[in-house]
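The structure appears right after this line, and notes come after that.
The values are calculated or read from the model by the stated rules, or taken from the named source; none is laboratory data. These numbers come from a predicted model, not from an experiment. Heads up, the Cβs are rebuilt from the backbone with ideal geometry, glycines too, and the neighbour counts pull from every protein chain shown. Just so you know, the surface numbers come from the protein's heavy atoms only, side chains and all, with ligands and any DNA or RNA stripped out. Shrake-Rupley method; radii C 1.70, N 1.55, O 1.52, S 1.80 Å.
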Amino acid sequence: MKTGRIVKLISGVYQVDVNGTRFNTKPRGLFRKKKFSPIVGDIVDFDVQNETEGYIQHVHERGNALKRPPVSNIDTLVIVMSAVEPQFSTQLLDRFLVIAHSYGLEARILVTKKDMADDNQIEKINSYLAIYEEIGYPTQFVGINDDQHALVEEWGEGLIVLSGQSGVGKSTFLNRFKPELNLDTNDISKSLNRGKHTTRHVELHETVNGFIADTPGFSALDFDHIDKDELKDYFIEIAQYGEECKFRNCNHLKEPKCNVKEELDVGNIAQFRYEHYLQLFNEISERKVRY
């Protein structure tokens with residue numbers, strides 16, 4: 001019996017890494033009976049067959065897991081946005097951050113394509129990133145000539161997952177980090193302000209201190225697992241100031257003696273962040289009504 005990490009899944013075959021050696025494995029039938037499927041990132045025990053093949057017998061308990069794309073045991077989630085093509089969007093960024101928090105993941109922010117942005121765009125993005133830094137998110141703004149190896153080393157050990165919409169430069173970043181990967185990249189649709197899906201599956205690539213993953217770009221973000229009353233917990237500063245509200249179940253809408261609204265009025269909460277909270281709260285509320 002060997003123990004390793006699933007690094008790739010294609011056509012029902014799970015590729016498992018054991019200290020740099022790869023084994024092509026399949027799960028035992030008992031997983032189908034339990035309606036449970038291993039995913040990339042899982043730590044598994046497997047029997048070896050024919051030297052490089054095997055059958056997965058056991059999946060270790062996951063520390064965490066993303067639903068879309070399915071990947072587990074993430075140490076660092078890097079939300080990748082681009083300065084231009086597609087345009088930087090705080091609304092989209094906040095949606096990614098909410099998803100990250102809903103799965104118990106600590107996120108950091110990477111903005112790419114600085115070399116393609118003009119001075120006004122750079123100044124505006126830097127002003128937004130300063131707000132996110134103050135909230136508690138580590139941020140980086142990089143161009144094509146920045147040192148990818150230094151960035152990855154700064155992100156720490158274990159499994160690093162790059163996540164973001166299509167076209168923001170995740171695959172380009174990895175190609176510069178490991179040229180031998182030769183990952184597909186595509187141009188951006190000017191009319192839609194988004195890229196095409198060039199990454200078809202989740203795959204882990206080795207780094208000096210662990211693994212890094214490119215994930216398929218998102219065309220839509222799924223909030224079905226989030227209840228409107230827990231959304232406030234996924235905006236760090238709203239959750240923090242909300243502890244001082246008069247009512248414990250305050251959703252910071254029109255409730256009396258709401259500390260969040262008071263902090264918003266004096267500028268301790270960014271107006272755009274609160275507006276994004278309201279937009280998402282209303283979306284989730286309407287979804288519940290339809291059901």
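Which order do the peptides 107-114, 232-239 take when ranked by the mean count of other beta-carbon atoms within 10 Å per residue, highest first?
Result, highest mean first: 107-114, 232-239.
Springs between alpha-carbon atoms under 10 Å, Gaussian network over the chain: tell me which of SER72, SER82, SER11 tops the mean-square fluctuations.
Top of the fluctuation ranking is SER11.
Tell me the GluC sites (Glu not before Pro) within region 138-170 that lie in a loop according to DSSP and have at most 13 other beta-carbon atoms within 10 Å.
Those satisfying the criteria are GLU157.
Among all cysteines in the chain, which have no other cysteine Cβ under 4.7 Å from their own Cβ?
CYS258
Would you mind computing Rg(Cα) / (2.2 N^0.38 Å) for the chain, counting N as its residues?
1.10
Which whole-number percent is the relative contact order of the chain (Cα, under 8 Å, 6+ apart)?
It comes to 14 percent, rounded to a whole number.
Please list, by residue number, every one of the GluC sites (Glu not before Pro) in region 50-130 that is coil in DSSP and has at most 16 other beta-carbon atoms within 10 Å.
Sites meeting the loop and neighbour criteria: GLU51, GLU61, GLU106.
Using a Gaussian network for the chain with springs between C-alpha atoms less than 10 Å apart, which of these wobbles most: LEU97, LEU280, LEU77?
LEU280
Which order do MET1, MET81, MET116 take by accessible area at a 1.4 Å probe, largest first?
Highest to lowest solvent-accessible surface, that is MET1, MET116, MET81.
Please get the size of the charge dipole for the chain, origin at its Cα centre, with Cβ charges of +1 on Lys and Arg and -1 on Asp and Glu, quoted in debye to the nearest 20.
1440 debye
DSSP beta bridges in the chain, what fraction antiparallel, as a percent rounded to 5?
Bridges in the chain that DSSP calls antiparallel: roughly 55 percent.
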